[in-house]
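The values are calculated or read from the model by the stated rules, or taken from the named source; none is laboratory data. All of these numbers come straight from a predicted model, not from anything done at the bench. A quick note on method: Cβ atoms are made from the backbone with ideal geometry, for glycine too, and the neighbour counts reach across all protein chains shown.
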Amino acid sequence: MFSGILNAFKAPKPEPLPEPDAKLALGALLVRVALSDHRYRIEEIGRIDRLLARINGLNPIDAAKMRATCEKLEKQAPDTQDFAHLIRETVSFEARIDALEAMWEVVLADGVRRDEEIAVIQTAQEALGLSQSDSDAARSRAESEM
């Protein structure tokens, strides 16, 4: 009887996370950029949801679900370079530029650029095989998008 009561209080085992693909890797990088300054703001969360919806053709609910999965992946995640390499190896140059632009949109979402966020973007930019001028152009497009 006592073991039955204890079993009733055990938390159910969480479902295993999916193996990251380029879409989930980008989502996890967007979350990582937002979390890098230890301030996960509603503006950043909303921007991530809109980016995931736009990039992946999702409705708002599915985009939020994808973000939740990406948040879990980010917690258990490999280095930023590993996510970026996954993207680099599986998508076109233009898609890598778009990924960097999306990261810049997250940085700019709350109106404040923090060193920690910039450091994540620089690491991702290098791992994506993109130049500083590519990053500058992506940032400019993100600023005009905002």
Cβ-Cβ under 7 Å, sequence separation 6+ or interchain: first residue in region 24-46 and under 20 Å from His85 (Cα atoms), partner modelled with pLDDT of 90 or more and assigned to a loop (DSSP other than H, G, I, E, B). Which pairs? Ala34/Tyr40
Restricting region 121-146 to residues that are modelled with pLDDT under 95 and among the hydroxyl-bearing types (Ser, Thr, Tyr), which is farthest from Ala99 (Cα to Cα)? Ser144
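Considering only residues that are touching a residue at least 40 places away in the same chain (Cβ under 8 Å) and either β-branched (Val, Ile, Thr) or surrounded by fewer than 18 Cβ atoms within 10 Å (Cβ to Cβ) (or both), which ones fall in region 59-78?
Thr69, Lys72, Gln76, listed by residue number.
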If we ask which residues in region 94-122 are in contact with a helix residue (DSSP H, G or I) (Cβ under 9 Å, 6 or more places away or on another chain) and more than 22 Å from Ile45 (Cβ to Cβ), their number turns out to be 4
